[in-house]
Amino acid sequence: MLEHILRRMGFGASPAELAAWKSVPIDTVIDRHLNYESMTTDHDSKIGRPEYVGITTSAGRPFSPNTLINDARQRWLFRMIHSQRPLEEKMALFWHNHFATAYSKLAGAVGQERATRLMDNDPSSLAGSPAGQIQVLREYATGSFPGMLLAMAKHPAMIYWLDSQLNTRTRPQENFGREIMELFSLGIGNYTEADVYAAARVFTGYNWQLVGDRASNDTSYYTFLYRPNDHDTNAKTFTFAIYPDGGKTIPARAAAAGEQDALDLILALARHPATAQRLAQRLYKFFVNETSEPDTALVNAIANSYLGNNYNIKSMLRTLFQSSQFRDPANFFQRYSWPLEFVARAIKETGWTGYSVNSAMTPLTNMGQQLYEPPDVNGWATGPDWISTSSMLSRMNFSAALAQNQRFNLARDAQPYRGSSDRVLEYMLARFPSMGFSTPATTAMADYLRSTAWTGTDAQLQARVPGLTRLIVGSGEYQFN
Amino acid sequence: MSYSRRQFVKGGVTAFTFGFAAPQAICDIAFAQGAAARNIVVVYLSGGNDSLSTIIPYRDANYTTRRPTIAIPAANVLQIGTDPSGVELGLHPRLTGLKSIFDAGRLAIIQRTGYANQSRSHFTGFDIWGTASVSNTSGTGWLGRYLDTQPSPVDPLVAWNTQRETPRPLMARLVGVPAITSPAAYQFSGANTGTEATYERTAQTRISSHIPVDRPHLAFVNSTTQAALSTLDRVATVATYRPANTYPTNGFGQALTAVAGAMNKQIGTKVFWVQTGGFDTHATQGVNQGAYFNLMATLGDGLKAFYDDLSAQGLLGSTLVLVYSEFGRRISENGSAGTDHGAGGNMMVLGGAVRGGIYGSAPNLSLDPANPTLENNAGDVKYETDFRSVYAKILDSWLGSNSVSVLGADYRSGAPGFI
């Protein structure tokens, strides 16, 4: 139960973390994860310290997570492994997939430094610079959904990603207007093409601008800009209610007041029951179970918590995490681990001394999940779609490389059990929790440990314990969360 | 995107699992299916290709007036003659390689392909082209359904996806298509080296050979692992392939090198999926340089290298390449010197058995709303040839399949005679 909660509300636990949580009542474990606001935010100050997982800087550059995308990727994986607020990172990943925006398009337009800031800038890194898109998602991670929708609509990363800067009164461009309904809120089937055109007109005038020292890629940055002259001031009529009184028409407004159009539409989208259902379903699949049909009662309860609590995300999460279904052992390991979940958990459970998160970057790409680079605005194809022959090879080979890197630590941990290969196996299966292996599978592992006669020497432990680690972490059984 | 796949795992994983051949039988099957067997290479241009910049009706006055900054000047196009309706056409100037294939009579250009009420959404559009259905876009793909008709047990390498994700067209009920982005990287590495590494591989193979019927999702993952482990050695032979000619070093060129290698090494693959992206050119398409010019360089140079390679090896006669995109783009350029999402576009087919030439008629780009070759108030190209009739022709006349059952309807009548 404890391990399940730590996997789902975070990215698993190291043996030491698990030991520390053991004495804490389950309700408290959940509460501390959910209400993480009181937990420290000092994770970035731990980067580079020897007791934590390592990072690798680019040649000749200091670690620059706000301006170099590979460093940003390392910072985020570091946080997933070491943050005292794991749910914050988990939700940031969930929302990254929901508002899927790809760095490469931004970098092609504005260069790597500015594009990295657009994705995940820490505002404290440069006076005046706004939070990057993922940092905004962290800030809203368990907060107001309409607030988050608006923040995304106005975020310069989203502006450029979905061409809002091209969407003007004379040449409306439907890219963002379509996706905010199709992917970010209502879902397909709950709006018409006419609504798409109306939504495009709502967001006319939303633009971005370069601020700061424009000559420097490192110290200039993009901010939101509303251009009244580009805004379509006519009324916009939708097929669904925009206002609580049932009114479907956003009234004609002066250009200077035109930004209000988007607020009206976003609130309507957030209030729509289809949005509540869609968010509830997605959260259910992310946190409870994605291998069978969703539990309608719980999904409805989550949706109702949202509708009844001012469209607040934490209300949904509270209902979800406090439900009996969340703790039902029948739902354990009923999700396909996302590559990031798999990698972070494997590192936490295997160990990290002398390991750099940079070593996980290419494997993650090969597993199909490069941070800040979802394949398209629809996000990653999750569930069984994570699994292909090449992604399984990547998962297996990552396991091998990690185990190889940690061979001395792993062998040392197994020393107390060296007298018998079966005891080593027993210890290792407990250390790496999974949905459970069949007898033929554990027999294959036992036989592996005895590929040559079992001696339990240091040399043998240093070969077979890492070997067994890769077999377990690379197994089908371990790919579920 | 993933919904139907989940459904498939729930409903059909047992069949999927046992549809795979046991490893020892695979080489025999591959041999029996034979190197002489015909194959198809599908090249998908991701993002919605601006067909009017690929195949250019350069004498149409409206082409120039509606595209003031991005029209390719008539003097620069590579002329390929006139289509059946008398419209003079030219290839994009950077498509010199395709021009030579066209001149050799091995490139068929099919103009104005699409379907009624064409979707302007990338995702819906891709799924419609993938499923060959406008009503059920979350089901299996047309190539996947073709693979499902292969006699059991099916060799896991019957198809080869060069992308990481399984695209909709390859989604099958009974066959899991391996994703092999790079033959050289497609390997199993050890936590140890030498004999100890061999022990690991043996054990991992044994662990994954357990396919529990009561745990379908685990069965799915384990059978995928099995498919990977059982095909490693054959894929490794592909990694040793060294083409005699030079391919572009970009991803598209490398993917085509792998495809040619698979053919050269006779591993028995019948369906290959290759794609190249960047076609969502909403802004700054360029003319004699720039974004679209570079896209054409990637496409044309890659296909030409592939064509020359196969030609030199005598493999051209067993190969058919189909090129398509999810939609064409808006006729008039937008305010950003690019083009927005449109409707009808061109398909291309090339190969040793292809009857080259121009099929179908070009659109008339006149702004008259009644213009029958256009739709959306003369904004977009209206389709003339249903894309499924092209699929039907390939299924029936090339792959020896039954297009009516694979496509779920009869599209044979409108098919151009490119084979």
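The values are calculated or read from the model by the stated rules, or taken from the named source; none is laboratory data. Treat the numbers as computed from the prediction; the structure is a model and nothing was measured. When we count neighbours, we look across all protein chains shown, and the Cβ atoms used for this are built from the backbone with ideal geometry, even at glycine.
Okay, here's what the table says:
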quantity	calculated
Selected residue (criterion: farthest from B:H282 (Cα to Cα)) from residues of region A:109-145 that are surrounded by fewer than 17 Cβ atoms within 10 Å (Cβ to Cβ) and of a type in the set (A, V, I, L, M, F, W, C)	A:A127
Long-range neighbours under 7 Å by Cβ, at least six apart or interchain, first residue under 15 Å from A:R169 (Cα atoms) within region A:181-204, second in a helix (DSSP H, G or I) and among the polar types (S, T, N, Q)	A:F203/A:S164
Leading residue by the ranking (surrounded by the fewest Cβ atoms within 10 Å (Cβ to Cβ)) among those in region A:257-308 that are within 14 Å of chain B (Cβ to nearest Cβ) and not polar (S, T, N, Q)	A:E293
Residue count for region B:92-131, restricted to those that are surrounded by 21 or more Cβ atoms within 10 Å (Cβ to Cβ) and of a type in the set (D, E)	1
Residue that is of a type outside the set (V, I, T), without any contact (Cβ under 8 Å) to a residue 40 or more places away in the chain and in contact with a Ser or Thr (Cβ under 9 Å, 6 or more places away or on another chain), where the choices are B:G194, B:G141	B:G141
Residue check, A:S438 of a type in the set (G, A, S) and within 14 Å of another protein chain (Cβ to nearest Cβ)	yes
Answer residue from region A:367-388, given it is in contact with a strand residue (DSSP E or B) (Cβ under 6 Å, 6 or more places away or on another chain) and in a helix (DSSP H, G or I) and is nearest to the other protein chains (Cβ to nearest Cβ) among those	A:G383
Subset of region B:202-245 that is surrounded by fewer than 22 Cβ atoms within 10 Å (Cβ to Cβ) and of a type in the set (S, T, N, Q) - its residue that is farthest from the other protein chains (Cβ to nearest Cβ)	B:N245
From A:A297, A:A256, residue being free of Cβ contacts under 8 Å to residues at least 12 places away in the same chain, over 30 Å from A:I81 (Cβ atoms), out of contact with any strand residue (DSSP E or B) (no Cβ under 8 Å at 6 or more places or on another chain) and aliphatic (A, V, I, L, M)	A:A297
Flag for A:Y191 being in contact with a helix residue (DSSP H, G or I) (Cβ under 9 Å, 6 or more places away or on another chain), assigned to a strand (DSSP E or B) and under 22 Å from A:L162 (Cα atoms)	no
Among (1) at the interface with chain B (Cβ under 9 Å from one of its Cβ atoms); (2) out of contact with any Ser or Thr (no Cβ under 9 Å at 6 or more places or on another chain) - the single one A:P433 does not satisfy	(1)
Top-ranked residue in region A:181-208 [being surrounded by fewer than 14 Cβ atoms within 10 Å (Cβ to Cβ) and not aliphatic (A, V, I, L, M); ranked as farthest from A:E259 (Cα to Cα)]	A:G189
Selection from region B:233-272 of residues that are of a type in the set (K, R) and assigned to a loop (DSSP other than H, G, I, E, B)	B:R242, B:K265, B:K270
Residue match in region A:402-419 (condition: farther than 25 Å from A:F333 by Cα and at the interface with another protein chain (Cβ under 8 Å from one of its Cβ atoms))	yes
Any helices (runs of 4 or more DSSP H) falling wholly within region A:1-50 and containing at least 2 residues that are in the same structural domain as A:I313 (by TED's automatic domain parsing), surrounded by fewer than 13 Cβ atoms within 10 Å (Cβ to Cβ) and more than 23 Å from the chain's Cα centre (by Cα)	A:15-21, A:26-34
Residue within region B:256-273 that is in contact with a Lys or Arg (Cβ under 9 Å, 6 or more places away or on another chain), more than 11 Å from chain A (Cβ to nearest Cβ), free of Cβ contacts under 8 Å to residues at least 40 places away in the same chain and of a type outside the set (S, T, N, Q) present	yes
All positions within region A:150-176 that are closer than 18 Å to A:R271 by Cβ and either in contact (Cβ under 8 Å) with a residue 24 or more places away in the chain or in a loop (DSSP other than H, G, I, E, B) (or both)	A:L150, A:M152, A:A153
Evaluation of A:T389 against (1) in contact with a helix residue (DSSP H, G or I) (Cβ under 9 Å, 6 or more places away or on another chain); (2) without any contact (Cβ under 8 Å) to a residue 12 or more places away in the chain; (3) surrounded by fewer than 23 Cβ atoms within 10 Å (Cβ to Cβ) (one fails), failing number	(3)
Extreme residue, modelled with the highest pLDDT, among residues of region B:378-407 that are assigned to a loop (DSSP other than H, G, I, E, B) and among the hydrophobic types (A, V, I, L, M, F, W, C)	B:L399
A:S324 vs. criteria without any contact (Cβ under 8 Å) to a residue 12 or more places away in the chain and not aliphatic (A, V, I, L, M)	yes
A:R178 at pLDDT 95 or above, basic (K, R) and either assigned by TED's automatic domain parsing to the domain that holds A:E259 or farther than 23 Å from B:T124 by Cα (or both)	no
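Listed here are the residues, each with its yes/no results for (1) modelled with pLDDT under 95; (2) in contact with a helix residue (DSSP H, G or I) (Cβ under 7 Å, 6 or more places away or on another chain); (3) among the aromatic types (F, W, Y); (4) within 30 Å of A:F176 (Cα to Cα).
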residue	(1), (2), (3), (4)
B:A337	yes, no, no, yes
B:L350	no, yes, no, no
B:N376	yes, no, no, yes
B:A409	no, no, no, no
